[in-house]
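Shown next, in structure tokens, is the structure this report addresses.
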Amino acid sequence: MIRIQDLSKVYSMGDIEVNALIDINLRIGKGEFVSVMGPSGSGKSTLMNILGCLDKPTRGKFFLDGEDVSGLDDDALAGIRNKKIGFVFQSFNLLPRMTALHNVELPMIYSGIRREKRIKMAMKALEKVNLSDRIYHQPNELSGGQRQRVAIARTLVNNPSIILADEPTGNLDTKSGEEIMEIFKLLNEEGVTILLVTHEKNIAEYSKRIVTFRDGRIIKDCLKEPLADEEGGLAE
């Protein structure tokens, strides 16, 4: 599903150039569950931005579902984000004055889906994350774990083929974090490809593969257990 070939990202800060990613080669197969770890400044967030079509590489290639997206313009990248990629962030990014149902419904409004179908799909997504009894609650009436489950449900309504999660348990207590990771584990078992950034080893252990970054390079790529689909190889 994802193939990165000799990819680098350089940021210019005046006369200084910062190498955020250096000659990265990585393959992630359909249905994999991969955690990305590394200290601050190691390049993992830059990688997520490129994989999420929020940023472009300076050099190298990024193929998503066989399509070279590294050179596409902003409109084309936005189309890919809407169709194929779901995002889950540490800060939830929910609208405070909207109920859980309306927060989940929002992406479908932009997609032009009629109201009756939107509500049905939003309720189904909330049921999937065990929030059927909280659909009319606003974010300030929900716990941190419940808010993150609303954010995951919002991601699911567009049926993304890949979910990118950036520190999704960073604002949660241990129990809530474990509940969120069990949801990701279930989604992966249903065939969703998941790429997760975390600095917590116990969270990374939920995944099947851990890729470790340092100073813009991959220093370790550990496959924890054999995958039935051998399409996703280790980093080259």
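Quick look at the values:
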quantity: Selection from the stretch 1-48 of residues that are crowded, with 16+ Cβ neighbours inside 10 Å, farther than 15 Å from R214 by Cα and polar (S, T, N, Q); calculated: Q5
quantity: Any hit, the stretch 126-147, residues being in a helix (DSSP H, G or I) and among the β-branched types (V, I, T); calculated: no
quantity: Residue within the stretch 142-151 that is under 26 Å from N82 (Cα atoms), within 18 Å of the chain's Cα centre (by Cα) and exposed (fewer than 15 other Cβ atoms within 10 Å of the Cβ) present; calculated: no
quantity: Only listed residue being modelled with pLDDT under 95, part of a loop (DSSP other than H, G, I, E, B) and hydrophobic (A, V, I, L, M, F, W, C), chosen from L77, L72; calculated: L72
quantity: Contacts under 8 angstrom Cβ, first residue in the stretch 76-94 being in contact (Cβ under 8 Å) with a residue 40 or more places away in the chain, partner among the acidic types (D, E) and surrounded by fewer than 17 Cβ atoms within 10 Å (Cβ to Cβ), 6 or more apart; calculated: K84/D65
quantity: Selected residue (only one of L106, L54, L94, L126 is under 25 Å from I24 (Cα atoms) and of a type outside the set (G, A, S)); calculated: L54
quantity: Filtered residue count, the stretch 164-191, keeping only those that are touching a residue at least 60 places away in the same chain (Cβ under 8 Å) and touching a Pro at 6+ places or on another chain (Cβ under 8 Å); calculated: 1
quantity: Elements of type strands (runs of 3 or more DSSP E) contained in the stretch 148-224, each with 1 or more residues being small (G, A, S); calculated: 162-166
quantity: Residue count, the stretch 1-40 (criterion: free of Cβ contacts under 8 Å to residues at least 24 places away in the same chain and acidic (D, E)); calculated: 2
quantity: Every residue from the stretch 87-109 that is over 19 Å from L164 (Cβ atoms) and modelled with pLDDT under 90; calculated: M108, I109
quantity: Subset of the stretch 41-56 [touching a residue at least 12 places away in the same chain (Cβ under 8 Å) and over 12 Å from G216 (Cβ atoms)]; calculated: M48, I50, L51, G52, C53, L54, D55, K56
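The values are calculated or read from the model by the stated rules, or taken from the named source; none is laboratory data. Please read these numbers as outputs of a predicted model, since none were measured by experiment. Counting neighbours? That spans all protein chains shown, and the Cβs are built from the backbone with ideal geometry, glycine included.
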